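Quick notes on the structure that follows.
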Amino acid sequence: MTDHKSVRFNLRKNIVFFDIEATGLNVIKDRIVQLAMIKYLPGQDEPIEWSELINPGPVLISEEAFAVHGISAEMVAKKPTFPEIAAEVYEFIGDADLAGYNSDRYDIPMLMEELSRAGIELSLEHRHQIDVQKIFYKMEPRTLSAAYKMYCDKHIENAHDALADVRATVEVLAGQLKKYENVEYMDGDGFTHAPPIQNDIPILAAFTNDKRTVDATQRFKYASNGDIIFNFGKYAGQNAAEVLKRDKQYYNWILNKDFSAQVKQIVKNLVIGKPI
């Protein structure tokens, strides 16, 4: 059987698989209590693992979150806070591509927020993003445990421990590459496409990423003509750059409310005409 250490990807650059356990599900207000990462490097046989429990500071671990991951306040009380390890985390990631399970909607934006609070910008420019869940949901809609059983014929031990989950995620992707080799994809409109699941990071990224969305929290999207439009609020569907330049009060409101660091940077770039 394949395990995460024996997986071989065709890499042009480093790729970091990671998983987060947190105080809750709000990517802006909640905090990370465990972060685990596995980095694969081109031409290197053994991946590099990194894992740490993290003190969330004044943010309490919700009962719902504790019921899922089992990490208590006592377990993280003497652990480092995220600002204390932020530089180490950023250095580990470097310019690597990013991968995870439900990472586009949860792990990546939450990590971006934590790094932003520590004064570090995690730019997604020039990074491929692989959300393994999207491959699974498009090809076999279910959960990580079901994916692990289906593609690896194994059960996850210590499910919802971040390192166990990220190891399983690596093995699931390896299983998907094997299962869907040369398998065509039929989209929701009934059109058949050439086999999209290949051992090629850019091809996987193109298949899993929704080209219509601009940011991880889906506050903006691309219109059919390529313009960036609002995907929320009173200006939903309208050209974002035009609105923000016209309505300075709305621009300032976004910058001062609980929107993600990525959304705020997009807003600033739209106003000054910088490419997104």
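Before moving on, here are some points about what is shown:
- Label point at Asp210 placed 7 Å out along Cα→Cβ; residues across the range 125-148 whose backbone nitrogen lies under 14 Å: 131, 134-135, 137-138
- Cβ-placed point charges (K, R +1; D, E -1), dipole of the chain about Cα centre in debye, nearest 20: 980 debye
- If you plug the beta carbon distance of Glu49 and Asp95 into 1/(1 + (r/R0)^6) with R0 = 25 Å, you get a FRET efficiency near 0.85.
- Think of the chain as a dipole: +1 on every Lys or Arg Cβ, -1 on every Asp or Glu Cβ, centred on the Cα centre; then among Tyr148, Ile61, Ala73, Ile61 lies furthest on the positive end.
- Radius of gyration (Cα atoms) of the chain, expressed as a multiple of 2.2 N^0.38 Å: 1.04.
- Near Lys264, once Lys and Arg are set to +1 and Asp and Glu to -1 for all other residues with Cβ below 12 Å from its Cβ, the sum equals -1.
- Cα gyration tensor, the range 102-205 - rounded (a/c under 1.5), prolate or oblate: oblate
- Since only Pro196, Gln129, Trp253 are under comparison, the one whose Cα sits farthest along the positive direction of the charge dipole of the chain, derived from C-beta charges on Lys, Arg, Asp and Glu, is Trp253.
- Each 10 Å bin from zero up to the one holding the largest Cα-Cα distance in the range 220-272 carries the following percent of pairs: 26, 63, 11.
- Net charge of Cβ neighbours under 15 Å - reference Ile229; Lys, Arg +1; Asp, Glu -1: +2
- Label-to-label distance, nm, for residues given as Leu124 and Tyr185 (7 Å Cα→Cβ offset): 1.7 nm
- Couplings for the range 191-205, taken from phi via the Karplus curve 6.51 cos²θ - 1.76 cosθ + 1.60 with θ = phi - 60°, read 8, 9, 10, 4, x, x, 8, 10, 6, 8, 4, x, 5, 5, 4 Hz in order; Gly and Pro are left as x.
- Lys257-Asn26 pseudo-label distance in nm [points 7 Å out on the Cα-to-Cβ vector]: 1.4 nm
- With neighbours defined as other Cβ atoms within 10 Å of a residue's Cβ, the residues Val59, Val33, Val267 order from fewest to most as Val59, Val267, Val33.
- By other beta-carbon atoms within 10 Å, ranking Glu49, Glu171 with the fewest at the front produces Glu49, Glu171.
- Cα centroid of the range 83-103 to Cα centroid of the range 1-53, whole Å: 8 Å
Coordinate-derived values only; no laboratory data. Note that the structure is predicted; figures quoted are calculated from it, not measured. Note that we place each Cβ from the backbone using ideal geometry, even for glycine, and neighbour counts take in every protein chain shown.
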